[in-house]
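What follows is calculated from the coordinates using simple rules that are stated; it is not laboratory data. For clarity, every value in this text was computed on a predicted model and none was experimentally measured. Positions of Cβ are backbone-derived with ideal geometry, glycine not excepted, and every protein chain shown enters the neighbour counts.
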Amino acid sequence: MTRVDQWNEVLSRIHVAEDGAARARGSVALVAVSKTFDADAIRPVIAAGQRVFGENRVQESQGKWPELKAETPDITLHLIGPLQSNKAADAVALFDVIETIDREKIARAVAAEIERQGKPVRIYVQVNTGLEPQKAGITPQETAAFVAMCRDTLNLPVEGLMCIPPADENPGPHFALLAKLAAENGVEKLSMGMSGDFDVAIAFGATSVRVGSAIFGLRDVAVQPA
Ligand SMILES: *Cc1c(COP(=O)(O)O)cnc(C)c1O
């Protein structure tokens, strides 16, 4: 199967999951995760009609996305990997959505750059639902205060919550927890579900799923979600 065939298959599976959850078709956005793949590997998927992409590294993205975005201006690019505050300016310049806000320092840096550049970047807060020490994200307990700080103190438009469940656990309870935290805090969007579990995430209310290997194939280098 070509990448475009695999992309079509993922779209079909999203539709099946939307139907199964009695959700409207098109209610779940596909974020195609293209990390480690170069522009030539990504272009056919853009040509087929995919417009929303995810990358986990600012520097890697700078090597391919300015060109791809110039070719297809209506692309929306999501940052789904950890962000350092010294990369905030570059991230705000290149990305349309930053999904990994999880510390006051980075929230402040991103808010200042949004203001300085006048670029309306959309924001998600990453929640470490499994309390994994090696993983980024605020704790579920901190969510209310952190979202309020972002919105009220920094004027950051928190549109969604994002999580990466522990690899070795049933993801359902983690997706349910993220949905509960979003509802409690008046947060509209839920970024959850990857190649192995996006159908489950859709059943739990995902509004976007981040799917890499099911579209692009296995990655050469181990770039694990952090
Ligand atoms: C790489 C990555 C994905 C995609 O993972 P696949 O299993 O290849 O679909 C999703 N989310 C994040 C945060 C990632 O880093």
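Quick notes on this structure:
- Relative contact order for the range 1-113: 19 percent, from Cα pairs under 8 Å spaced at least 6 residues apart, divided by residue count.
- Mean separation of Cα contacts under 8 Å (6+ apart) over length of the range 101-221, as relative contact order %: 20 percent
- Taken over the chain, lysine pairs spaced eight or more positions apart, or on distinct chains, with alpha carbons under 27 Å apart number 25.
- Between the range 69-102 and the range 165-187, the Cα center-to-center distance that results, in Å: 24 Å
- Here the dipole of the chain is about 300 debye; that uses its Cα centre as origin and unit charges on the Cβ of Lys and Arg (positive) and Asp and Glu (negative).
- A simple spin-label model places the labels of ARG219 and ALA93 2.4 nm from each other, with each point 7 Å out along Cα-to-Cβ.
- Radius 11 Å from Cβ of ARG122, net charge of other residues (Lys, Arg +1; Asp, Glu -1): -2
- Largest first, the three principal axis extents of the alpha carbons in the range 126-226 are 42, 27, 23 Å in whole numbers.
- Using C-alpha pairs below 8 Å separated by at least 6 residues, the relative contact order for the chain is 22 percent.
- Backbone HN-Hα couplings from phi across the range 200-215 [Karplus 6.51/-1.76/1.60, Hz, Gly and Pro as x]: 5, 4, 5, 4, 8, x, 3, 9, 8, 10, 10, 10, x, 4, 5, 9
- Gained length - HIS15 relative to ASP38, 0.36 nm times residue gap less alpha-carbon distance: 5.5 nm
- Pairwise Cα distances in the chain exceed 26 Å for 33 percent of all pairs.
- Full extension of the chain between GLN62 and ALA112 gives 15.9 nm of extra length, using 0.36 nm per residue less the Cα-Cα distance.
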